[in-house]
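Asker: Below you will find the structure I want to go over with you.
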Amino acid sequence: MNFEEKLHQIFPTADAIPAQYQLEGELHQREYLSDGEMKPWNGDVHTVLSPICIQTPNGLERKVIGSYPLCGQAEAIAALNAAVEAYDDGRGEWPTMPVSERIACMEKFTGKMIARKDEIVKLIMWEIGKSWADSIKEFDRTVEYINATIDALKDLDRNSSRFEIEQGIIGQIRRSPLGVVLCMGPFNYPLNETFTTLIPALIMGNTLLFKPPKHGTLLHYPLLEAFGSCFPKGVVNTIYGRGNVIVAPLMESGKINVLTLIGSSKVANQLKKSHPKVNRLRAILGLDAKNAAIITDKADLDLAVKECVLGSLSFNGQRCTALKILFVHSKVADAFLQKLSDAISKLKVGMPWEKDVFLTPLPEPQKPAYLKECIEDALANGAKIVNENGGAAFESFVYPAVLYPVNEKMKLYREEQFGPLIPVLPFDDIETPIEYLIESDHGQQVSLFSNDAGELASLIDPLVNQVSRVNINCQCQRGPDVYPFTGRKDSAEGTLSIPDALRAFSIRTMVATKQTEENKKLINQIVTEQTSNFLSTKYIF
Ligand code: G3H
């Protein structure tokens, strides 16, 4: 049996799927949350096909998971109006609610979310082909993120529950919401990354328009009831449909105050430009990246290989933080490539529910063809596939390919492959990778592999001004989530971390007065009678 035939065999027959991982029937969503109601939908729908194919008498078929509404502009504008009305120019119930009550709503939501864990985890796995273990991790990490966000907000509020007096001015400074937030997440972390913007935006008192990612949509359906019942009417509104049809009119309306998108810089640019009042629009963006690893001749090659495998192939390379190009000193290149190829050959290929599986099918239907194009382009420009079976593909599955030596003529030199291809470049002069990073349109992170402190120090100083995180002897990654996650150039706008996100979706606002006896009396009266939610010394325990 050749390797492609073996790849064919990784796909199961329907009855070979273990019962605990099977979906309970197809999920056909015919409603969406808007203006506090689950609105029925009888129009066009999008059929959701899993990256997991099933062996049938007619050959391999992508499993149908269900379908979701393909709403149009009218429904999107109605949802926008609901969010605008719920915000009510900052006078709505939600933006004026005391922080402690907003936290109580969020805690109720988290409880309901946890109750739907099994369903959501299964949908993550079936919709995007993420391993069962990683799908569980994604869910748990999201719940931890919400709980940590609640704690961070309590801290923020405690620090703001006091007055300051400077130069005869009494002031109380808090953070206030920004308005209506349009929130769009990516397919690779459809729950976690979406919620790392949605949750802080929401808890800070903004109202939301939430468009689930194209792949990874149905997994949000079990949460719509919770969004509807835990927050006031119109605070969370969902929009479904083709992005190019429904999103542009929302931006053109000028009623979106914050755009938050984890996706491509091209889409972010277009959307920002379509907003008529550029200065009013805030953007919190996580965009393209092409993180490099630099492996010098003083690196521990075994460690470098281990981290580069994790960095370039975790979730099949579909992470914005993935290592997408490796620079290796030519003295150690052969040894590195040999060890890298050996390590890849040991990775388990299979279905997402299999124990210890590492490589799984890809959710984007066009991706295998694109990756093939990248490989052919690299081969035509002088690279070779170094590892055994590299680039072999069958239906939605693509086996990792290590391509060497890569040069500037190849697509893989600049394009973000977002898949299991590992371009490797040899270098003799350390200026080669540094120049690459300087010229790159991206500036998220870099990984340096060396055991020489002097060499590392000489790289750290120039590189911290090119990217936003320099990782030493380890892969690039977002977490832990309390650390700042951002990027330079086309890679990001704004900084996300648990505490930073609360700041990103709010603005510092103060109430101030001159320190006169009359004013002190007035302020004391407001605070004692608890007639203002803003001007208050109430302390959240
Ligand atoms: O897709 C980009 C994610 O933010 C990466 O997160 O580094 O924790 O996998 P991660």
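The values are calculated or read from the model by the stated rules, or taken from the named source; none is laboratory data. Quantities reported herein were computed from a predicted structural model and do not represent experimental measurements. Cβ coordinates were reconstructed from backbone atoms using ideal geometry, including for glycine residues, and neighbour counts include every protein chain displayed. Only protein heavy atoms, including side chains, enter the accessible area calculation; ligands, DNA and RNA are left aside. Shrake-Rupley method; radii C 1.70, N 1.55, O 1.52, S 1.80 Å.
Asker: At 7 Å along Cα-to-Cβ for each site, give me the label-to-label distance between Ala512 and Phe163 in nm.
Answerer: 1.6
Asker: Moving on. Give me D for the stretch 366-442 in µm² s⁻¹, whole number, from Stokes-Einstein with Rh from the Kirkwood sum over alpha-carbon pairs, 4 °C and 1.567 mPa s.
Answerer: 100
Asker: What number comes out for accessible area per residue over the stretch 4-56 if the probe is 1.4 Å? Units Å², please.
Answerer: Accessible surface, normalised per residue, equals 56 Å².
Asker: In µm²/s, what is D for the stretch 423-522 at 37 °C and 0.692 mPa s, where D = kT/(6 pi eta Rh) by Stokes-Einstein and Rh is the Kirkwood radius from Cα pairs?
Answerer: Answer from the Stokes-Einstein relation: 197 µm²/s.
Asker: What list of whole percents do you get for P(r) of the stretch 261-330, with Cα-Cα distances grouped in 5 Å bins up to the one holding the largest distance?
Answerer: Using 5 Å bins, I get a P(r) of 3, 15, 18, 16, 12, 9, 9, 8, 5, 3, 1 for the stretch 261-330.
Asker: Using the alpha carbon gyration tensor of the stretch 291-490, what are the three equivalent-ellipsoid semi-axes (square root of 5 times each eigenvalue), largest first, in whole Å?
Answerer: Value: 25, 19, 17 Å, ordered largest first.
Asker: For the stretch 157-239, report the % of Cα-Cα distances exceeding 17 Å.
Answerer: 55
Asker: Give me the Debye-computed log₁₀ of I(q)/I(0) at q = 0.10, 0.11, 0.14, 0.20 Å⁻¹ for the stretch 1-140, equal point scatterers on Cα only, no solvent, two decimals.
Answerer: Per q value, in the given order, log10 I(q)/I(0) is -0.54, -0.64, -0.90, -1.28.
Asker: Then there's this: Determine the share of the stretch 1-153's accessible area contributed by carbon and sulfur atoms, expressed in whole percent, with a 1.4 angstrom probe.
Answerer: 48
Asker: Please report Rg over Rh for the stretch 302-379, where both radii come from the alpha carbon positions and Rh follows the Kirkwood definition.
Answerer: Ratio of gyration radius to Kirkwood radius: 0.98.
Asker: If the cut-off is 30 Å between C-alpha atoms, which lysines fall inside it for Lys273, apart from same-chain ones fewer than 8 positions away?
Answerer: Here the lysines satisfying the reach criterion relative to Lys273 are Lys211, Lys214, Lys255, Lys290, Lys324, Lys367, Lys411, Lys489.
Asker: Ignoring everything except DSSP H segments at least 4 long, calculate the 222 nm mean residue ellipticity for the chain; use -39,500 (n - 2.57) per segment, divide by total residues, nearest 500.
Answerer: Rounded to the nearest 500, it is -12000 deg cm²/dmol.
Asker: For a paramagnetic label modelled at 7 Å from the Cα of Ile438 toward its Cβ, which residues of the stretch 407-422 fall within the zone defined by backbone nitrogen distances under 18 Å?
Answerer: 408
Asker: Which Cα, out of Ala248, Ser131, Asn147, lies furthest along the positive dipole direction of the stretch 90-248 (beta carbon charges, K/R +1, D/E -1)?
Answerer: Result: Ala248.
Asker: Between Lys112 and Asn42, what FRET efficiency follows from the Cβ-Cβ distance if R0 is 25 Å, with the result rounded to 0.05?
Answerer: 0.35
Asker: Size of the dipole of the stretch 291-490 about the Cα centre, Lys and Arg at +1 and Asp and Glu at -1 on the beta carbon, nothing else charged, in debye to 20? Please report the intermediate quantities before stating the final value.
Answerer: On the way: 19 positive and 28 negative charges, 104 e Å.
Roughly 500 debye, rounded to the nearest 20.
Asker: Counting other Cβ atoms within 10 Å of each Cβ, which GluC sites (Glu not before Pro) in the stretch 1-84 have at most 11 and sit in a DSSP loop? Intermediate values should be presented prior to the final figure.
Answerer: Numbers: sites: Glu4, Glu5, Glu24, Glu26, Glu31, Glu37, Glu61, Glu75; in loops: Glu24, Glu26.
Here the sparse-neighbourhood loop sites are Glu24.
Asker: A further question on this structure: Work out, in µm²/s and without decimals, the Stokes-Einstein translational diffusion coefficient of the chain at 37 °C, 0.692 mPa s, Rh from Kirkwood over C-alpha pairs.
Answerer: Once the numbers are plugged in, D ends up at 131 µm²/s.
Asker: Next question, about the same structure. FRET efficiency for Lys520 and Asp88, Cβ-Cβ distance as r, R0 = 41 Å, nearest 0.05?
Answerer: Step by step, r from the Cβ atoms, then E = 0.80.
Asker: Rank-order 254-261, 466-473 by packing density, defined as the average count of other C-beta atoms within 10 Å over each peptide's residues, highest first.
Answerer: Working: 254-261: 22.8, 466-473: 18.0.
Highest-to-lowest ranking by the protection proxy: 254-261, 466-473.
Asker: Another question, if that's okay. Rounded to a whole number, what % of the accessible area of the stretch 291-490 do carbon and sulfur atoms account for, probe 1.4 Å?
Answerer: 51
Asker: Continuing with the same structure: Defining a contact as two alpha carbons under 8 Å apart and six or more residues distant in sequence, what relative contact order in percent does the chain show?
Answerer: Working: 1106 pairs, mean separation 96.0, N = 541.
It rounds to 18 percent for the chain.
Asker: Would you please put 14-20, 307-313, 104-110 in order of how densely packed they are, using the mean number of other Cβ atoms within 10 angstrom per residue and starting with the highest?
Answerer: 307-313, 104-110, 14-20
Asker: May I ask you to rank Lys521, Lys348 by accessible area, largest first, using a 1.4 Å probe over the protein chains only?
Answerer: Lys521, Lys348
Asker: Sticking with this one: In square angstrom, what is the accessible area per residue of the stretch 291-490 with a 1.4 angstrom probe?
Answerer: 39
Asker: Separate question: Between Met1 and Glu31, what is the spin-label point distance in nm, taking each point 7 Å from the Cα along the Cα→C-beta axis?
Answerer: 4.6
Asker: Ok, one more. For Cα pairs less than 8 Å apart in space and 6+ apart in sequence, what is the mean separation divided by the residue count of the stretch 291-490, i.e. the relative contact order in percent?
Answerer: About 28 percent, as a whole number.
Asker: Oh, and also: Report the residues of the stretch 72-108 in range of a label on Ser229: point 7 Å along Cα→C-beta, backbone N strictly under 15 Å from it.
Answerer: Answer for this model: 105-108.
Asker: Something else about it: Which value in Å is the Kirkwood Rh of the stretch 372-492 over different Cα pairs? Spell out each step's value before the answer.
Answerer: On the way: mean 1/r = 0.0625 Å⁻¹.
Answer for the stretch 372-492: a Kirkwood hydrodynamic radius of 16.0 Å.
Asker: Considering the dipole of the chain built from charges on the beta carbon (Lys and Arg +1, Asp and Glu -1) around the Cα centre, which of Val386, Thr194, Ile10 is farthest to its positive end?
Answerer: Checked the options; the winner is Thr194.
Asker: Give the residue list of trypsin sites (Lys or Arg not before Pro) in the stretch 141-190 that are DSSP loop and have at most 14 other beta-carbon atoms within 10 angstrom. Each step should come with its number before you reach the end.
Answerer: Details: sites: Arg141, Lys154, Arg158, Arg162, Arg174, Arg175; in loops: Arg162.
In loop regions of the stretch 141-190 (DSSP not H, G, I, E or B), the sparsely surrounded trypsin sites (Lys or Arg not before Pro) are Arg162.
Asker: Sticking with this structure for a sec: So what does log10 I(q)/I(0) come out to for the stretch 1-84 at q = 0.26 Å⁻¹, using the Debye formula with one equal point on every Cα and no solvent?
Answerer: The computed values of log10 I(q)/I(0) come out as -1.25.
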